[in-house]
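Have a look at the structure below before the remarks.
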Amino acid sequence: MDPAVGLGLVLIAVGLVVLFLGKRLVVLGAGVGALLGVGLLQLIPGSSIGIFAFVLPIGLAIVGGMLAFFMKAAANMFFLIIGFIAGGAVVLALFDMLAVDLGLMEFVVASLGGLVGIYLVRRFANWATIVIVGLVAGFLIVNGIELLLPTVQFSQWVKLLLTGGIAAADIWYLGFRGK
């Protein structure tokens, strides 16, 4: 099996688990780790080829889930860390979808996105969780579909609309219907 197809299936599976169970800290940690791995693949030259492209997102998903599991006692601090990583990962995924290449400045802008993530988590804890879950799940599923179907070329706007639609549906499901 081609590593890209395998990674696509894994990203879709992780995205679906995050979509429905993402309010659990361990699941959210794993999803954010996987999304961070996909974002880092874009920054490391030549890493999107071969087994490394498969191992990095999966490894970071495992690390994120384990960190969430072991840091339950310090859940508030861990949630701030998740907010920072999720903010940065969402910025990197957005740059990837829109085919924006800022070079090293992507790291700086992703760090600013992380600071926005921390602010949102501190200010709106419950809604920040719901929004982060929706965005992480949306980005994971759309990236997985793109890897799974390499012959289908989505435009940047179609990817953005798909991600936004998945995120909006999850925000509705977890935020309004889940009550």
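All of the numbers you see were taken from the coordinates with simple rules; none came from a lab. Source: prediction; values computed, not measured. Every residue, glycine as well, gets a Cβ built from its backbone with ideal geometry; the counts of neighbours run over all protein chains shown.
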Two-site FRET efficiency, Leu9 against Leu161, from Cβ-Cβ distance with R₀ of 35 Å, rounded to 0.05: 0.95
Between the helical axis of 3-21 and the dominant principal axis of the chain, each derived from Cα atoms, what acute angle in degrees is found, rounded to the nearest 10? 20
Rounded to the nearest Å, the spacing of the alpha-carbon centers of the range 118-135 and the range 71-88 is 11
Expected unfolding gain across Leu104-Met77 under the 0.36 nm per residue rule, minus the alpha-carbon gap, is 6.9 nm
Cβ-placed point charges (K, R +1; D, E -1), dipole of the range 3-177 about Cα centre in debye, nearest 20: 600
Using alpha-carbon positions, the gyration tensor of the range 65-105 gives root eigenvalues a ≥ b ≥ c; with a/c under 1.5 called rounded, otherwise prolate if a/b exceeds b/c, else oblate, the class is prolate
Using the Karplus curve 6.51 cos²θ - 1.76 cosθ + 1.60 with θ = phi - 60°, what ³J(HN,Hα) values do you get for each residue of the range 122-135, in whole Hz, with x for Gly and Pro? 5, 7, 10, 4, 5, 5, 4, 4, 5, 5, 4, 4, x, 5
What is the gain in length, in nm to one decimal, between Val63 and Leu149 on full extension, counting 0.36 nm per residue of separation less the C-alpha to C-alpha distance? 28.2 nm
Apply the Kirkwood formula to the range 3-177: the hydrodynamic radius equals the inverse of the mean of 1/r over all pairs of different alpha-carbon atoms; give it in Å with one decimal. 15.8
Rounded to 10°, Cα long-axis angle of helix 25-43 versus longest principal axis of the chain: 30
Residues of the range 117-146 with amide N under 20 Å of a point placed 7 Å along Cα→Cβ from Phe20: 130-145
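Output the relative contact order of the range 13-150, whole-number percent, from Cα pairs under 8 angstrom with separation of 6+ residues.
It comes to 33 percent, rounded to a whole number.
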Where does each of 101-110, 167-176, 14-23 land if you order them by average Cβ count within 10 Å, highest first? 14-23, 167-176, 101-110
Can you tell me how the range 1-95 classifies by the Cα gyration tensor, rounded, prolate or oblate, using a/c under 1.5 as the rounded cut? prolate
Points 7 angstrom from Cα along the Cβ direction at Ala125 and Phe70: gap in nanometres? 2.4
